[in-house]
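In what follows, a single structure is set out as structure tokens and then discussed.
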């Protein structure tokens, strides 16, 4: 890659207190360039949300470092974040808790616009952002509860993009949505990010949606990246046993009535193996 | 041979502006030894349909129509049945598995207790017999080390194991019908695969009949024999699995499959985004 990555994480470790301490993220490195969509997949408890929270500074790092452009990302504190860091925005899983129920949708999107202006970027009209995510511009005067789940998530996306981020981190942004809107909202996020030239880290447990929208995929298991690289290469020819098990377990909706393959208990032991060949795979 | 016949089921919820239909006259027949899928998005009325069968709806909802359970050539009308009748059917003839096993299992009772209580009540088994049967059930659903599992509590198991235990609890009295409401939605795909396999085995080997409620068409494609698609309280299409996935008749079913990665009717992400932005989809369906 010739351009400098927008987001760089090196050997990130996240630990939670306890006896013994729980190492949720165990030395993960990643780099995301402008205009690139990178997916992070894995099962619940594999540390993917902890990693997302660590890269935006919500979670304190045990060790390692995260850089946004050339700036170190500090842990989110009580004080206002450095202005430059509003160039990294996050979309959460549940728009019911990420949107403020008592403020008008337009005002919440205006927060994003203000962040962009303060950083010296161009301002914009909140209504315009609503249009871009396929909602009526007059929706700006309404409150979150007046919208469906899918619409609310699109409002959260509009708010994040209104800040004109160079990096969007989305933690399971589609899993609370109905199946019929999941792919379209994910694809919408991709096209808006590309349009704005922003990078995106897209976290999901839904591999079939990820395949449609991600340039690169990172497969995480037990706090480590076990396989990474070009999405289609991983899909066509998975190398790591965990990736293989994960792909084989996805039911194919073709109506053939084939049961997905259940991994054997013994296979699970091989999932923590380190296989260097499975990492950084390029398109072939 | 049918085991459960739902005819013209109507469920209304009382609101300030008068009653509003959440299920609007549906018919569904569950055949013996089959898995009948009930698909639909949130709010389509699929879960309340399952709850209505067992008389588990909240007081604010009223029902009309008919739900008949046909066991050993005895027909029992379940809608509006007296408490005693329902008590003899719940857990005995018709059992239910819910989405989230961490809330459907009692956190303070041992697994053994939860597996044996209703067996002792319904089947009048003694303590030891019930224990033995519980152990066999856990083996059947492949919970490792059943003997010690009986003494453990739900929190000591993983999500997938908990759902297996919930299925074991449901199967304890050898019910004829299993109502499974999103049984794998809270689980990882690798764990989901195991539960689906288990459901299929129970149906094929033990002759269980399952009403499978889920929004996940991938799950439907893997295990359901028949699929009914529900939308806004109405079944818009009902067909054998293969036919539904390859040759759907209703525009709504088509739109669901269009948005489903890996389906035969899948549309490109670009087309889906264009549709989302134009919001043409909701109008086209009517």
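For the reader, a short list of remarks on this structure follows.
- Viscosity 0.692 mPa s, 37 °C: Kirkwood-radius Stokes-Einstein D of segment B:122-253 over Cα pairs, µm²/s: 200 µm²/s
- Considering segment B:105-174, its Cα convex hull presents a mean projected area of 4.0 nm².
- If you plug the beta carbon distance of residue A:237 and residue B:264 into 1/(1 + (r/R0)^6) with R0 = 35 Å, you get a FRET efficiency near 0.90.
- Where the alpha-carbon atoms of segment B:56-194 are placed on the principal axes, they occupy 44, 37, 27 Å, in descending order.
- Separation of alpha-carbon centers, segment A:178-238 and segment A:241-284, rounded to whole Å: 16 Å
- In this simple spin-label model, placing a label point 7 Å from the Cα along the Cα-to-Cβ direction at both residue B:234 and residue A:103 gives a separation of 4.1 nm.
- Neighbour-count order for A:129, A:271, A:235, fewest beta carbons within 10 angstrom listed first: A:235, A:271, A:129
- With only the Cα atoms considered, segment A:108-257 has a convex hull volume of 137 Å³ per residue.
- Relative contact order of chain A: 21 percent, from C-alpha pairs under 8 Å at least 6 residues apart in sequence.
- For the pair residue B:20 and residue B:247, the difference between a 0.36 nm per residue extended length and the Cα-Cα distance amounts to 78.4 nm.
- Translational diffusion of chain B was estimated from the Stokes-Einstein equation, with Rh taken as the Kirkwood radius over Cα pairs; at 20 °C and 1.002 mPa s the coefficient is 107 µm²/s.
- Förster radius 25 Å - calculated FRET efficiency between residue A:60 and residue A:267 (Cβ-Cβ, nearest 0.05): 0.15
- Modelled spin-label separation between residue A:256 and residue A:76, with each label point placed 7 Å from Cα along the Cα-to-Cβ direction: 4.4 nm.
- Each label was represented as a point 7 Å from its Cα along the Cα-to-Cβ direction; for residue A:84 and residue B:8 these points are 7.2 nm apart.
- Convex hull volume per residue, computed on the Cα atoms of the protein assembly as shown, equals 168 Å³.
- When both segment A:4-68 and segment B:194-220 are represented by their alpha-carbon centers, they are found 37 Å apart.
- Among A:202, B:98, the order by Cβ neighbours within 10 angstrom, fewest to most, reads B:98, A:202.
- The distance linking segment A:102-120 with segment B:128-164 is 53 Å (Cα centroid to Cα centroid, whole angstrom).
- Peptide A:44-52 shows a mean partner chain C-beta count of 1 within 10 Å per residue C-beta.
- Calculated FRET efficiency, residue A:119 to residue A:3, Cβ-Cβ distance, R0 = 35 Å: about 0.95 to the nearest 0.05.
- The C-alpha atoms of chain A occupy a region whose extents along the principal axes are 56, 47, 43 Å, arranged from largest to smallest.
- For B:190-198, mean number of other protein chain Cβ atoms within 10 Å: 6
- For q = 0.18 Å⁻¹, Debye-computed log10 I/I(0) when each Cα of segment B:1-112 counts as one equal scatterer: -1.03
- Ascending count of other beta-carbon atoms within 10 Å, so fewest first, for B:276, B:79: B:79, B:276
Values in this text are rule-based calculations from the coordinates and carry no lab data. As the structure is a computational prediction, the values presented were derived from the model and not from experiment. Counting neighbours? That spans all protein chains shown, and the Cβs are built from the backbone with ideal geometry, glycine included.
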